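Engineer: Submitted below is the structure of interest, expressed as structure tokens.
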Amino acid sequence: MLMGNNVFLRGLVLDDVNELFNYWNNKDFMNYSGRINPYSKEELINWIQATWKEREEKKAFTFAIIKINDKVIIGTIRLKIVNIISRRADISIGIFNPIFRDKGLGTESLKLLIDFAFNTMNFLSLELKVFTKNKRAVSCYEKLGFKKVGVRRKADFVDGEYLDDLVMDLLIEEWKNDK
Ligand SMILES: CC(C)(COP(=O)(O)OP(=O)(O)OC[C@H]1O[C@@H](n2cnc3c(N)ncnc32)[C@H](O)[C@@H]1OP(=O)(O)O)[C@@H](O)C(=O)NCCC(=O)NCCS
């Protein structure tokens, strides 16, 4: 478990399935990731179980984001190995309950995960992909020190339009946990 001031991160449990089912199948939320098909409960249960195996094998670390005061799951966050030799990993986050967005909780959750990635797991570089039009997410990542690597133009087709993908990265030497 990774403990912050307003949120903590814990592994997913099967009881999370109903919240994931309700929020991940929301069209607005699906558009942030570009997912087209809704999840069935069975798929989500399989996915939760797969996160346990990935964690055991140290291939990926997926957490539920829990708001401390309300004790509710508000999203998920994930760290996934890209290259173990160069110690590079990918991160992704989704605050799926919109009432908890724009309150600093995504930034706080990312700080916890980045700290875990660099200081516990000894990764050296983190990367992520975000649609250029997702200004809030880009601003959040820039605030944490992520730099723009480049743009894959018209890389995804989501909800009737072609979207550009922005790739961003953050090196350990650029990370100071005083942001
Ligand atoms: C992206 C996400 C993780 C950010 O977390 P959050 O808790 O909502 O964001 P925070 O409050 O920590 O920070 C957002 C920052 O973006 C800024 N922001 C918000 N809307 C903005 C906009 N349209 N343009 C520019 N900046 C914007 C906020 O002002 C804030 O900066 P500040 O702290 O300097 O004021 C969260 O909104 C989310 O999960 N959204 C839905 C799914 C998603 O987009 N996932 C990422 C896919 S790559």
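Engineer: With the requirement that a residue be part of a helix (DSSP H, G or I) and under 17 Å from Leu113 (Cα atoms), what does region 53-63 give you? Even if it seems obvious, please write down each step before you answer.
Structural biologist: Initial filter on region 53-63 (part of a helix (DSSP H, G or I)): 53-56.
Hits for region 53-63 are Glu54, Arg55.
Engineer: Examine region 153-160 for a residue that is in a loop (DSSP other than H, G, I, E, B), over 23 Å from Phe61 (Cβ atoms), within 16 Å of the ligand (Cβ to nearest atom) and at pLDDT below 95, and state whether such a residue exists.
Structural biologist: Yes, region 153-160 contains at least one residue that is in a loop (DSSP other than H, G, I, E, B), over 23 Å from Phe61 (Cβ atoms), within 16 Å of the ligand (Cβ to nearest atom) and at pLDDT below 95.
Engineer: Let me ask something else about it. Quick one: which residue in Lys135, Lys148 is touching a residue at least 12 places away in the same chain (Cβ under 8 Å), among the basic types (Lys, Arg) and within 15 Å of the ligand (Cβ to nearest atom)?
Structural biologist: Lys148
Engineer: May I pose another question? Looking only at region 82-102, count every residue that is without any contact (Cβ under 8 Å) to a residue 60 or more places away in the chain and either part of a loop (DSSP other than H, G, I, E, B) or in contact with a helix residue (DSSP H, G or I) (Cβ under 9 Å, 6 or more places away or on another chain) (or both) and tell me the total.
Structural biologist: Taking region 82-102 as the starting set, the residues that turn out to be without any contact (Cβ under 8 Å) to a residue 60 or more places away in the chain are 82-93, 95, 99-102.
Going one step further and asking which of them are either part of a loop (DSSP other than H, G, I, E, B) or in contact with a helix residue (DSSP H, G or I) (Cβ under 9 Å, 6 or more places away or on another chain) (or both), we end up with 84-87, 89, 91-93, 95, 100-102.
Total satisfying the criteria: 12.
Engineer: When the residues of region 3-49 are narrowed to those that are more than 16 Å from the ligand (Cβ to nearest atom) and assigned to a strand (DSSP E or B), which ends up surrounded by the fewest Cβ atoms within 10 Å (Cβ to Cβ)?
Structural biologist: Filtering region 3-49 for residues that are more than 16 Å from the ligand (Cβ to nearest atom) and assigned to a strand (DSSP E or B), the one surrounded by the fewest Cβ atoms within 10 Å (Cβ to Cβ) comes out as Met3.
Engineer: I'd like to verify a number: residues in region 103-150 that are in a helix (DSSP H, G or I) and either farther than 23 Å from Leu163 by Cα or not aliphatic (A, V, I, L, M) (or both), how many?
Structural biologist: Selection size over region 103-150: 23.
Engineer: Shifting gears a bit: (1) within 16 Å of the ligand (Cβ to nearest atom); (2) farther than 18 Å from Leu12 by Cβ: which one isn't true of Val72, the others all being true?
Structural biologist: (2)
Quick grid of which residues meet (1) surrounded by 19 or more Cβ atoms within 10 Å (Cβ to Cβ); (2) over 18 Å from the mean Cα position of the chain (by Cα); (3) farther than 22 Å from Asn26 by Cβ:
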| position | (1), (2), (3) |
| --- | --- |
| Asn97 | yes, no, no |
| Leu110 | yes, no, no |
| Lys135 | no, no, no |
| Lys148 | no, no, yes |
| Glu173 | no, yes, yes |
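Engineer: With respect to Phe100, is the statement that it is of a type outside the set (D, E, K, R), within 11 Å of the ligand (Cβ to nearest atom) and either modelled with pLDDT under 95 or at positive phi (or both) true?
Structural biologist: Judged against the criteria, Phe100 is not a match.
The values are calculated or read from the model by the stated rules, or taken from the named source; none is laboratory data. Note that the structure is a prediction, hence the values are computed from the model and not measured. Positions of Cβ are backbone-derived with ideal geometry, glycine not excepted, and every protein chain shown enters the neighbour counts.
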